[in-house]
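> Quick one: the structure is below, questions incoming.
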Amino acid sequence: MGVVFGEEYKPRETSFLQTSSIRPITTRFWHDCWIGETPFVRRFHLLYRYSSMKDGSVRDHYSETNGWELHLRRSLFRENERSQLDLLMGLFVDYALNDEEDEWEWVKEKQKGENVVIVYCSFNF
């Protein structure tokens with residue numbers, strides 16, 4: 001299961017692997033970089049503070065019947081909160097979940113003397 005992205009999607013990647021989709025069940029909506037290079041918790045901090053699903057996955061924030069749902073504990077009253085909501089919802093215009101498997105591609109050329117341990121240690125978990 002992956003996410004279909006519009007033109008602005010930048011694939012999540014490391015220096016060795018990249019993917020053109022994410023796993024909606026395991027990718028955290030607010031904390032992982034799944035649209036752009038900054039997690040939503042930092043880009044949309046005013047909305048995050050009212051979220052009732054701070055650790056929810058991308059799948060938790062999407063409904064087949066209603067589309068994207070942020071699970072905010074209250075209505076937004078301030079102009080800057082409304083502005084962040086409009087910006088965030090605008091990111092989802094061309095995005096929808098699908099049931100396709102994720103595909104990963106090895107993108108790093110092997111260097112002399114490089115082995116699996118060196119590659120594994122270079123990942124940021």
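No lab work stands behind these numbers, since they all come straight from the coordinates. This one's a predicted model, so the numbers in the text were calculated from it and none came from an experiment. Glycine gets a Cβ as well: all are built from the backbone with ideal geometry, and neighbour counts include every protein chain shown.
> If you keep only loop residues by DSSP, which GluC sites (Glu not before Pro) in the range 18-101 have at most 11 other Cβ atoms within 10 Å of their Cβ?
Details: sites: Glu37, Glu64, Glu69, Glu79, Glu81, Glu100, Glu101; in loops: Glu37, Glu64, Glu69, Glu100, Glu101.
Sites meeting the loop and neighbour criteria: Glu37, Glu64, Glu100, Glu101.
> Here's another thing I want to ask about it. Taking a ≥ b ≥ c as the square roots of the Cα gyration tensor eigenvalues, with a/c under 1.5 meaning rounded and otherwise prolate when a/b beats b/c, else oblate, which class fits the range 45-85?
Working: a/c = 2.41, a/b = 1.64, b/c = 1.47.
Judged from the Cα gyration tensor, the range 45-85 comes out prolate (a/c at least 1.5, a/b above b/c).
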